[in-house]
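Okay, structure first, notes after.
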């Protein structure tokens, strides 16, 4: 980000005592470990994490498919779950982009909607910018790649915070893969409505990740990872993605103290 | 505002017979899905596009390496175009007055057929038989070449890329580089096939030399030159033309009659508006600091001047632009200065190429401008063919929020039937709505609006995870199916909190 590009500039609060966690529908049903790992990591930083049981989905699937009324109904139900004036940490850049950048227009008739949107922080952004976290790497040397979702990169402008976190891990070498900033081809219903184009995109993304010769790739978005991992599994490749919350927790934990994060 | 208000009586058609389907592109755009399957399996095509787009992206990056300068310029150019669009009706009138005062005749066309009729009449009035054409995407919009050919007027494309495309009986696959889908071997084969006496070579300079030789001959004998316009300056009545090959200069100086054609959105208010736009146009398009030629046409040949056309005409085309103009959000579509950076950076365009879109304008800009030209019914597969990755919006020199406009068009396409009699915003709105999809989203919102329904459904789904199908439609054609977790995060959090409490007590 440059000095004159103010699009992604924002005010960051002091480290809070409490935060909300927004789990996202994908982590909820497919990858709950990453949600628990994010909570554990935040708790280790001395923060109380509140997880409203009434949360479901940010509404993005309908919104991106052109069903605004349906998206609005679901979005409103989410806003109602987060009434305390504390940060809302989201473990996905694309859901974050939806709630931070698209809610103001989608819910423009709602009073104080901007105040709600201003409380939205993507997970890696929150760790770096608000918590100013310092990580101590306990793991073995390894090479990883980082896949940043397009929403995290271009809507939220937080691709740099994910990178900053991995770079704090002393024994981890971050390898830049070819066409790193290019979309993996997920795009929600795009992958279904234009399956052949999406397939061509994920084929290239997996080939570029495999070329990078890494033991795993890290990402903060389960949408992309469902797409990329699904394609890798289909191709019978062993490379897989790991959510950045799980990866950071694993790298910073002594083996002996591992508990919650490993429950399957 | 519609252009109709400006159409002088003598140019008015007998009645408004506009039918969006009169463009041949409506049909090819409606075949988007079939076009995509055809072109995705063409490996040579894919490699031509990937190579060319990588090259163009690198060139742009180098030319715009100072990010602060880039941001300043983008903001400035956006504001220029937005100001000019806000004043569009007034500026068009001012442009007409100043052009006419300079001796350049102005004609208004609401439809592509009107534009073609105007141009044909102008040519026939001078008994013109041969036309050389500089690059003009607006004339592609009107399929002018076909129209003139049907009336026994020979029309030769003089831009090298356009010339190649014309020889191959194709249409441009990129708005700046029309023949980018062909590699040098394909061009050599084409020349060998079509140009008498051509000695087969894949040497690029030799290929261009051969094309130039053919074209030079034509320039000297053509009756008419037809070109596009990049900026039409209202303040001074000047037509600006950006080009690299000198063919635009030839088309606008050698033949006695010069006809320029452009869209109404190309008008800018001041001469001072041009330098920043030009600077960002060439750098965004090809990474050039400036184009080799920049032509400013401000009158026909004056007494005592040794060259230049005796007559200059400008045809201003609407073709659906008024529809975009009428809506504040979609008006941003008209900010476009046709640099092509959005297609160069688009992961979809790079893979399917320009012809798959079936439209005159391919790529991200094509997806948002074509629905206004061809109607949503023919084009409703275009706005959905995007992962909304945002690369187009990120590089757009005039900051058109392309992803947001794609969402808007998706929403227009899915609109329920017009039961309350609201004013129709777009031709073909609601034409993409499918009952099954609409019902899915209805049920989806019920489930996600009520956490109780959501949580109990997910509780059951995770318990029945073993019954999940291994195949889920097109998703599993290249991917394994995702597997539901044994327990949801909602449940896991409860357990986690209970454990934390236990540890604390």
Prolate/oblate/rounded call for the stretch B:38-142, Cα gyration tensor, a/c under 1.5 rounded: oblate
Span from the the stretch B:385-407 Cα centroid across to the the stretch A:67-126 one, whole angstrom: 21 Å
For the stretch A:85-212: rounded, prolate or oblate by the Cα gyration tensor [a/c cutoff 1.5]: oblate
Helix axis angle, B:435-449 relative to chain B longest principal axis, alpha carbon, degrees: 50 degrees
Quotient of Cα Rg and 2.2 N^0.38 Å for chain B, N being how many residues it contains: 1.12
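Distances longer than 16 Å among the Cα atoms of the stretch B:159-200: what percent of all pairs is that?
Of all Cα-Cα distances in the stretch B:159-200, 29 percent exceed 16 Å.
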Solvent-free Debye scattering, log10 I(q)/I(0), computed from the Cα coordinates of the stretch B:356-481 at q = 0.16, 0.17, 0.18, 0.19 Å⁻¹: -0.98, -1.03, -1.07, -1.11
Cα centroid separation, the stretch A:158-219 to the stretch B:166-193 (Å): 34 Å
Ellipticity estimate at 222 nm from DSSP helix runs (n ≥ 4, -39,500 (n - 2.57)) divided over chain B, nearest 500: -14500 deg cm²/dmol
Ascending count of other beta-carbon atoms within 10 Å, so fewest first, for B:147, A:67, B:55, A:11: A:11, B:55, B:147, A:67
Approximate spin-label separation residue B:425-residue B:79, in nm, with each point projected 7 Å along Cα-to-Cβ: 2.8 nm
Calculated Rg and Dmax of the stretch B:233-288 using C-alpha coordinates, Å: 12.7, 34
Longest to shortest principal axis, alpha-carbon extents of chain A, angstrom: 50, 46, 44
Rel. contact order, % - alpha carbon contacts under 8 angstrom, at least six apart, chain B: 20 percent
Distance histogram for the protein assembly as shown (every C-alpha pair counted, 20 angstrom bins, percent rounded to whole numbers): 15, 46, 28, 10, 1, 0
Unit Cα scatterers, Debye sum, the stretch A:18-130: log10 I(q)/I(0) for q = 0.17, 0.22 Å⁻¹: -0.77, -1.28
Packing-based exposure ordering (other Cβ within 10 Å, fewest first) of B:171, B:200, B:490: B:200, B:171, B:490
Using a Förster distance of 22 Å, the FRET efficiency for residue B:504-residue A:254 (Cβ separation, nearest 0.05): 0.55
Rounded to 5, percent antiparallel among DSSP beta bridges of the stretch B:219-289: 35 percent
Relative frequency of Cα-Cα separations exceeding 18 Å in the stretch A:160-228, percent: 42 percent
Sorted by Cβ neighbour density within 10 Å, fewest at the top, the residues B:492, B:338, B:463: B:463, B:338, B:492
Tilt relative to chain B, helix B:402-413 - C-alpha long axis, 0 to 90 degrees, to 10: 80 degrees
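Which shape class, rounded, prolate or oblate, goes with the stretch B:85-132 when its Cα gyration tensor gives a ≥ b ≥ c as root eigenvalues, a/c under 1.5 marks rounded, and past that a/b bigger than b/c marks prolate?
Note, shape of the stretch B:85-132 comes out oblate.
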Length gained when the stretch residue B:466-residue B:329 is fully extended (0.36 nm per residue, less Cα-Cα span): 44.6 nm
C-alpha long axis of helix B:489-504 to longest principal axis of chain B, angle in °: 50 degrees
Pairwise label distance in nanometres, residue B:459 with residue A:12, each label 7 Å out on the Cα-Cβ vector: 4.0 nm
Rg/Rg_ref, the stretch B:178-270, where Rg_ref = 2.2 N^0.38 Å and atoms are Cα: 1.37
Separation in nanometres of the label points that stand 7 Å from Cα toward Cβ, at residue A:176 and residue B:31: 4.3 nm
The stretch B:438-504: relative contact order in percent, alpha carbon pairs under 8 Å with at least 6 residues between: 26 percent
Debye log10 I(q)/I(0) at q = 0.13, 0.14, 0.21, 0.22 Å⁻¹ for the stretch B:438-504, Cα point scatterers: -0.55, -0.62, -1.02, -1.05
Cα centroid of the stretch B:56-77 to Cα centroid of the stretch A:1-61, whole Å: 33 Å
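Read-outs: derived from the displayed coordinates by stated rules, not from any lab. If you're wondering where the values come from, they're calculated on a predicted model, not measured in any experiment. Cβ atoms come from the backbone with ideal geometry, glycine included; neighbour counts cover every protein chain shown.
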